[in-house]
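Working notes, structure below.
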Amino acid sequence: MVTAAPHLYPHQWSWDAAFVSVGLAHLSVARAIVEWDTIFGAQWATGMLPHIVFADEPDYFPGFGVWGTEIAAARPDGVESSGICQPPVHALCIEQLVAIGRAQGGEAAERADAFMADAVPRLARWHAWMSRARDREGIGLVEIHHGWESGMDNSPRFDPFYERIEVATPKALPRTDLKYADASERPSDREYQRYIHLIDQMIAVEFEDDRIPAVIDFRCGDVFMTASLAASAEALARMADETGDADLAATERARAEHARTAVLASVDPTTGLCRDYDYHAGHHTDVASIAGFSALICGGDDAVVARQRAILTGPQWMGHPDNRYPLPPSISLDDPACRPREYWRGPVWPIMNWLFAHCALQQGDTALASGLREAGLAQLADEEFGEYYEPRTGEPLGSHQQSWSAMAALDWLT
Ligand code: DGY
């Protein structure tokens, strides 16, 4: 498997690996499919794709032992994984992988088609799990129980959720990440205490989907996860059309519509941005972040999309006068919450640029897609493949040689 990064992330992360497979497909479709053997091989009996599949590499915290998933009945025997999920970009990435394979023709195309037929039912189980276990109240927003599920770990969008968590007994934190990235670029110990606390709450109910909502301190209706599900459900519906599964295609189109409706219903009429939902407080939250532009991921309402596009490309985000490159930071530089070096609290993330560009292309917005591609490639021309970048200076931060940043360059260049 391709690890998310050489030192900082020495295992397979679910959405990282899905994206990476798109880059690998340009080099070898057969090799790209190997990534999916691990992703799907770790699929829980419930349908969930876990966010980390652990390699035999002890230098990571929290490792398999801390996760405590050996007690989870749904985890496949012999596969060491975490017990939470990540954004459902998988179908969207497989559709792209297959397109790349078909364009190569011959054996690559045959392999891609055979792989698609095999992947479709697994993706269907994954999406069905997400609707069943994470949309229990039918609001339509995918419910997450940990910031790590969003992939945007410490984004200020989760501050209202984390602030209310009291950790009665702080634990020792062997922060292996700080060996490989500067502490100013990573979440704080205070944040990590809460991260571990949430894992412990899931362990207490043996990671059972039906029992988690009653015990977990973090219940966020995540608008970005939901938009990703809508985009992926559309991709899966198109693949189901091709494999001749009309029922699945209809199910996935309905799933996409349900998710899109929830994303659009979350839009704040004042700011024009999408908002997460706080299940414990019973209302939407109002933190502006890159996730606020989720309508650009799933589309569905031309007026909302046009407004979000104008804000995203405008002077507070991509067009900010202090930006080194016209790319969207994770938090606007004008926002007092922005910390331009700190993980999801401000930096520019190459993989977000790729995802927004991909979805813009899907929706026919070639101008936005090529703007993101050009600026994204200019940023990655340093060949450091930073995990994230300082928006004003373009300095690579976090891990270098981050595999999904390399994938963005590879896909854009081929
Ligand atoms: C980390 O270790 O920072 C990861 O984002 C957790 O999934």
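Across segment 177-203, the qualifying residues are those that are in contact with a Gly (Cβ under 7 Å, 6 or more places away or on another chain) and more than 13 Å from residue 66 (Cα to Cα), and the one among them that is nearest to the ligand (Cβ to nearest atom) is 181. Of note, residue 263 does not satisfy the criterion of being among the β-branched types (Val, Ile, Thr), surrounded by fewer than 16 Cβ atoms within 10 Å (Cβ to Cβ) and at pLDDT 95 or above. Of everything in segment 362-387 that's touching a Lys or Arg at 6+ places or on another chain (Cβ under 9 Å) and closer than 23 Å to residue 227 by Cβ, which residue is most open to solvent (accessible area, probe 1.4 Å)? Checked segment 362-387; the qualifying residue most open to solvent (accessible area, probe 1.4 Å) is 365. Reported count of residues in segment 16-34, each being more than 10 Å from the ligand (Cβ to nearest atom) and closer than 18 Å to residue 387 by Cβ, is 6. Taking segment 80-118 as the range and being of a type in the set (A, V, I, L, M) and within 18 Å of residue 208 (Cβ to Cβ) as the test, only 84 passes.
A residue that is touching a residue at least 12 places away in the same chain (Cβ under 8 Å), closer than 21 Å to residue 410 by Cα and outside any helix (DSSP H, G or I) occurs nowhere in segment 40-52. In this structure, residue 194 does not satisfy being closer than 22 Å to residue 276 by Cα and more than 23 Å from the chain's Cα centre (by Cα). Candidates in segment 13-38 are the residues that are hydroxyl-bearing (Ser, Thr, Tyr) and part of a helix (DSSP H, G or I); of these, the one that is surrounded by the most Cβ atoms within 10 Å (Cβ to Cβ) is 14.
Count of segment 51-63 residues, restricted to those that are within 14 Å of the ligand (Cβ to nearest atom) and open to solvent by 40 Å² or more (accessible area, probe 1.4 Å), is 1.
State all residues of segment 370-394 that are in a helix (DSSP H, G or I) and over 18 Å from residue 290 (Cα atoms); if no residue qualifies, say none.
370, 374, 377, 378, 379, 380
With respect to (1) closer than 24 Å to residue 200 by Cα; (2) open to solvent by less than 10 Å² (accessible area, probe 1.4 Å), the lone exception for residue 91 is condition (1). Note on segment 46-74: among residues that are aliphatic (A, V, I, L, M) and in contact with a His (Cβ under 8 Å, 6 or more places away or on another chain), the one that is farthest from residue 84 (Cα to Cα) is 55.
To keep it simple, each residue is scored yes or no on (1) in a helix (DSSP H, G or I); (2) under 18 Å from the mean Cα position of the chain (by Cα).
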site: 305; (1), (2): yes, no
site: 321; (1), (2): no, no
site: 336; (1), (2): no, no
site: 341; (1), (2): no, no
site: 356; (1), (2): yes, yes
site: 368; (1), (2): yes, no
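Pairing each residue of segment 389-414 that is under 15 Å from residue 22 (Cα atoms) with any residue that is surrounded by fewer than 18 Cβ atoms within 10 Å (Cβ to Cβ), provided the two are 6+ apart or on different chains, yields C-beta distances under 8 Å for 409/377; 410/27; 412/377; 413/377. Among the residues making up segment 137-176, a single one is away from the ligand (no atom under 15 Å from the Cβ), of a type in the set (D, E, K, R), closer than 24 Å to residue 81 by Cα and touching a residue at least 60 places away in the same chain (Cβ under 8 Å): 143.
Kindly indicate which of 335, 322 is open to solvent by 20 Å² or more (accessible area, probe 1.4 Å), of a type outside the set (Phe, Trp, Tyr) and more than 9 Å from residue 391 (Cα to Cα).
On the way: 322 fails: more than 9 Å from residue 391 (Cα to Cα).
Going through 335, 322 in turn, just one is open to solvent by 20 Å² or more (accessible area, probe 1.4 Å), of a type outside the set (Phe, Trp, Tyr) and more than 9 Å from residue 391 (Cα to Cα): 335.
The set of residues in segment 289-303 that are surrounded by 24 or more Cβ atoms within 10 Å (Cβ to Cβ) and assigned to a loop (DSSP other than H, G, I, E, B) comprises 289, 294.
The values are calculated or read from the model by the stated rules, or taken from the named source; none is laboratory data. All figures in this text were calculated on a predicted structure; none of them were measured in a lab. A quick note on method: Cβ atoms are made from the backbone with ideal geometry, for glycine too, and the neighbour counts reach across all protein chains shown. SASA here: full protein model, heavy atoms, side chains in, ligands and nucleic acids out. Shrake-Rupley method; radii C 1.70, N 1.55, O 1.52, S 1.80 Å.
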